[in-house]
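Everything on this sheet refers to the single structure shown next.
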Amino acid sequence: MLSALLLGIGLLLASMMSFAVAIALTVSLMSRVTRTGYSGESFWKNVAIMIVITLVMAAMHLMEIALWATAFRASSAISTFEKAFYFSAQNYTTLGYGDIVLSDRWRLLGPLEAINGLLLFGLSTAVMFAALGRLVSGRLHS
């Protein structure tokens, strides 16, 4: 159990750090858009900004799933990367079909990844909501 706990904590930290980089890039994008004087008046520019932010967040979630899958594969908890990615996606999204089950030694990693996914989905939702709020505010005040 200790090895799974230590691996899980390491993965949580690595995941949070990489996601923080994506959030910082998104904040930088919104800051640059604001500094250029964009007031949120263009419907299609607003759509484009939200699509870019959503794609960045989705890409980061997929990278986090791949990070966990790599750990599952490297620890020999799951036999192939394809199965590890599938299992990881189930845990990260808290879907949990249960058709793949880890050994007793590694089973703690599933709930730890679910915690990670819940936290990062919350962060990405907050980032998208903040960006949308900024665009709506600009459109209402123009």
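Descending by average beta-carbon neighbour count within 10 Å, the peptides 20-26, 94-100 line up as 20-26, 94-100, the highest first.
Rounded to the nearest 20 debye, what is the charge dipole size of region 70-129 about its Cα centre when +1 sits on each Lys and Arg Cβ and -1 on each Asp and Glu Cβ?
Numbers: 4 positive and 4 negative charges, 22 e Å.
That gives a dipole near 100 debye.
Rank by packing, highest mean first: peptides 35-46, 106-117, with packing defined as the count of other Cβ atoms within 10 Å averaged across residues.
Working: 35-46: 11.8, 106-117: 19.7.
Result, highest mean Cβ count within 10 Å first: 106-117, 35-46.
Compute the signed sum of charges (Lys and Arg +1, Asp and Glu -1) over the other residues within less than 15 Å, Cβ to Cβ, of residue 93. Its environment carries a net charge of -3.
Per-residue extension of 0.36 nm, minus the Cα-Cα distance of residue 44 and residue 83, leaves a gain of 10.1 nm for this segment. From most to least packed by mean Cβ count within 10 Å, the peptides 60-67, 85-92, 12-19 give 85-92, 60-67, 12-19. Shape analysis of the chain yields a ratio of the Cα radius of gyration to the Kirkwood radius, Rg/Rh, of 1.11. Here the chain exposes an accessible surface that is 72 percent carbon and sulfur, computed with a 1.4 Å probe and the other protein chains kept in place. Against the chain, whose longest principal axis is taken from its Cα atoms, helix 2-35 shows a tilt of about 10°. Accessible surface area normalised per residue over the chain is 58 Å², counting heavy atoms of protein chains with a 1.4 Å rolling probe. Considering only alpha-carbon pairs that sit under 8 angstrom and 6 or more positions apart, the relative contact order computed for the chain is 38 percent. Taking region 45-73 and a reference point 7 angstrom along Cα→Cβ of residue 130, the backbone N atoms nearer than 15 Å belong to 53-54, 57.
Assign unit charges at the C-beta atoms only (+1 for Lys and Arg, -1 for Asp and Glu), then state the dipole size of the chain relative to its Cα centre in Debye, rounded to the nearest 20.
Dipole about the Cα centre, nearest 20: 400 debye.
The values are calculated or read from the model by the stated rules, or taken from the named source; none is laboratory data. Quick caveat, the model's predicted, so the values are computed rather than measured. Glycine gets a Cβ as well: all are built from the backbone with ideal geometry, and neighbour counts include every protein chain shown. Note: areas computed on protein heavy atoms with side chains; ligands, DNA, RNA excluded. Shrake-Rupley method; radii C 1.70, N 1.55, O 1.52, S 1.80 Å.
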